[in-house]
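J.: Could you have a look at this structure, given as structure tokens, before my questions?
Derivation of every value follows stated rules applied to the coordinates shown; laboratory data play no part. In this text, all values refer to a predicted model and were calculated from it rather than measured experimentally. So basically every Cβ, Gly included, is an ideal-geometry build from the backbone, and we count neighbours across all protein chains shown.
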Amino acid sequence: MSLLNTNPIDSPNILRLIHTFLSECDWLSPMAVVIIECVLVGLALLTAYALIALALIYAERKITAFFQCRYGPNRVGKWGLIQSFADMIKILIKEIIHIDNVDKFLFYLAPFFVIGASMLTFGAMPFGENLQAIDFNIGVFYVIAVSSLGIIGVLLAGWSSNNKYSMVGAMRSGAQFVSYELSAAMALLTVVVLSGSMQLSEIVEGQKYLAQWNLFNGHIFAIIAFVLYLISGHAETNRGPFDLPEAESELTAGYHTEYSGLQFGFFYLAEYLNMFIIASIGTTVFLGGWQPIQIESFGETFNTVMAYIPSYVWFFGKAAFLVFLSLWVRWTFPRLRIDQLLTLEWKYMLPINMVNLILMVICVLCGWTLKDWLY
């Protein structure tokens, strides 16, 4: 679908110019114009996908080095800035090792499920004002649905590898992903109840001022949902202390043990982008998305200065903060056992989420939200 849609958020000027230019070409039919626009948008998303992944890889290495009192990448380029690009080139030219006794069709199909689910979710993110590729009126439901497809690739990878370590890693990942997907979905449903919409653009538009951010508008119930979402999202990305599917000391590399070259690169890329996607969804539904920090009674000067900062800077800044929290947690807490991980979800987080959702419904119906009090 083209960015030139009829949603409440209009298209950016550059897209209007492209659309006008293509429409004025007499030799192009309307269908051809739409196809070209879709291809251009797809290429833009793929480019952004790869660049953000490379930036996250570099950021994690540097932040990890900071926590561990060392330098991190510092040889390839100034401050090691080109290290991620060098690794990308290396993995692209790496030989793909062909494994005997695997289900070849499913083995080669699995990475595309993982990267495809990640890409479909990435394309729905509102990166800034007038900067969203697709805006469904059921955006939250869409994000939950397509992000869940990634587990199919993980299970296929583990089963088709014909390797006991890969299979155990895939089963662990399946149990973990399905379990924590429930808590993540219920935390997002809590925000849907609060905002009264599932459309991501409307959720962002309803958080114009700081007091209207869903994190504050829903009082303690929204804060609980935010914390539960961050924990669930962190577990879904298989990051420490929830990295049991890839526990190096137990399962070598987990479900992607038998993969090499570009196939392994797909899993590696999707893992980092999923971390960014979890942060992006949290930014969109809880922290105002691309909206700047605006305080209604603080003075027009402050609000004007904040509004001068581009919307995409606000979005990526908030998402970067949540990514930093994710890395902080990863390098602070020890790895959980599989029984502890599932107990945390089914005995604690899911019941808390269910009660919190009911309390949020009562809060909204009674008009107890901060927005109702102030406006």
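J.: Kindly state, as a whole number, the per residue volume in cubic angstrom of the convex hull around the alpha carbon atoms of region 277-319. Show your work: numbers first, answer last.
T.: On the way: hull volume 2.2 nm³, N = 43.
So the per-residue Cα hull volume is 52 Å³.
J.: Taking the Cα centre of region 88-176 as origin, work out the dipole magnitude from +1 charges on Lys and Arg Cβ and -1 charges on Asp and Glu Cβ, in debye rounded to 20. Don't skip to the end; give the middle numbers.
T.: Values: 5 positive and 5 negative charges, 65 e Å.
The dipole magnitude comes to about 320 debye.
J.: Which helices, counted as full DSSP H runs in the chain, have an axial Cα extent of no less than 27 Å and a Kyte-Doolittle average of -1.0 or above?
T.: On the way: long enough: 30-67 (55 Å, 1.81); 104-122 (28 Å, 1.63); 164-195 (46 Å, 0.94); 261-286 (38 Å, 1.23); 311-330 (29 Å, 1.27).
Span-like helices in the chain: 30-67, 104-122, 164-195, 261-286, 311-330.
J.: Also: I need to check one value: relative contact order of region 87-241, counting alpha carbon pairs closer than 8 Å and at least 6 residues apart, in percent.
T.: Details: 159 pairs, mean separation 34.5, N = 155.
Relative contact order comes out at 22 percent.
J.: Dipole of the chain (Lys/Arg Cβ +1, Asp/Glu Cβ -1, origin at the Cα centre): which of Y229, V285, N214 lies farthest to the positive side?
T.: Y229
J.: Quick check on the chain: helices-only [θ] at 222 nm, where DSSP H runs of length 4 and up contribute -39,500 (n - 2.57) each and the sum goes over total residues. Nearest 500, please. Provide the component values of the computation, followed by the final result.
T.: Details: 17 runs with 245 residues, N = 375.
About -21000 deg cm²/dmol.
J.: Follow-up. For region 210-218, what does the Karplus curve 6.51 cos²θ - 1.76 cosθ + 1.60, with θ = phi - 60°, yield as ³J(HN,Hα) per residue in whole Hz, taken in order and with x for Gly and Pro?
T.: 4, 5, 8, 4, 4, 4, 9, 5, x
J.: Report the equivalent ellipsoid semi-axes for region 289-375 in whole Å, largest first, defined as the square roots of five times the eigenvalues of the gyration tensor built from alpha carbon atoms.
T.: Numbers: eigenvalues 235, 124, 14 Å².
Semi-axes (√(5λ), whole Å): 34, 25, 8.
J.: Rank by packing, highest mean first: peptides 39-48, 136-145, 235-244, 95-104, with packing defined as the count of other Cβ atoms within 10 Å averaged across residues. Before the final figure, lay out the partial values.
T.: Numbers: 39-48: 13.6, 136-145: 18.2, 235-244: 22.2, 95-104: 11.0.
My ranking of the peptides, most packed first, is 235-244, 136-145, 39-48, 95-104.
J.: Report, in listed order, any pair from K90/K164; K62/K318; K164/K347 with a Cα-Cα distance greater than 24 Å. Provide the component values of the computation, followed by the final result.
T.: Numbers: K90/K164 29 Å; K62/K318 19 Å; K164/K347 29 Å.
Violating the 24 Å limit, Cα to Cα: K90/K164; K164/K347.
J.: Still on this structure: Answer with one residue from T64, L40, H256: the one whose Cα lies farthest towards the positive end of the charge dipole of the chain, charges on Cβ with Lys, Arg +1 and Asp, Glu -1.
T.: Looking along the dipole axis, the top candidate is T64.
J.: How large is the Kirkwood hydrodynamic radius of region 226-371, in angstrom, based on all distinct alpha carbon pairs?
T.: On the way: mean 1/r = 0.0553 Å⁻¹.
This gives a value of 18.1 Å.
J.: Related question: Apply the Karplus curve 6.51 cos²θ - 1.76 cosθ + 1.60, θ = phi - 60°, to the phi angles in region 196-201 and return the couplings in whole Hz, x for Gly and Pro.
T.: For region 196-201, the Karplus-derived couplings read x, 8, 9, 7, 4, 5 Hz, x marking Gly and Pro.
J.: Also, I was wondering about something else. For region 260-336, how big is Rg over Rh, using alpha carbon atoms and the Kirkwood form of Rh? Don't skip to the answer; put the middle values down first.
T.: Numbers: Rg = 16.9 Å, Rh = 14.6 Å.
Value, to two decimals: 1.15.
J.: Please give every one of the lysines within straight-line cross-link reach of K371, meaning a C-alpha to C-alpha distance under 16 Å, and leave out same-chain neighbours fewer than 8 residues apart.
T.: Within the straight-line limit of under 16 Å, K371 reaches these lysines: K208.
J.: How large is the dipole of the chain about the Cα centre if only Lys and Arg carry +1 and Asp and Glu carry -1, each at its Cβ, rounded to the nearest 20 debye? Don't jump to the answer; show the numbers that get you there.
T.: Values: 19 positive and 26 negative charges, 207 e Å.
The calculated dipole for the chain is roughly 1000 debye.
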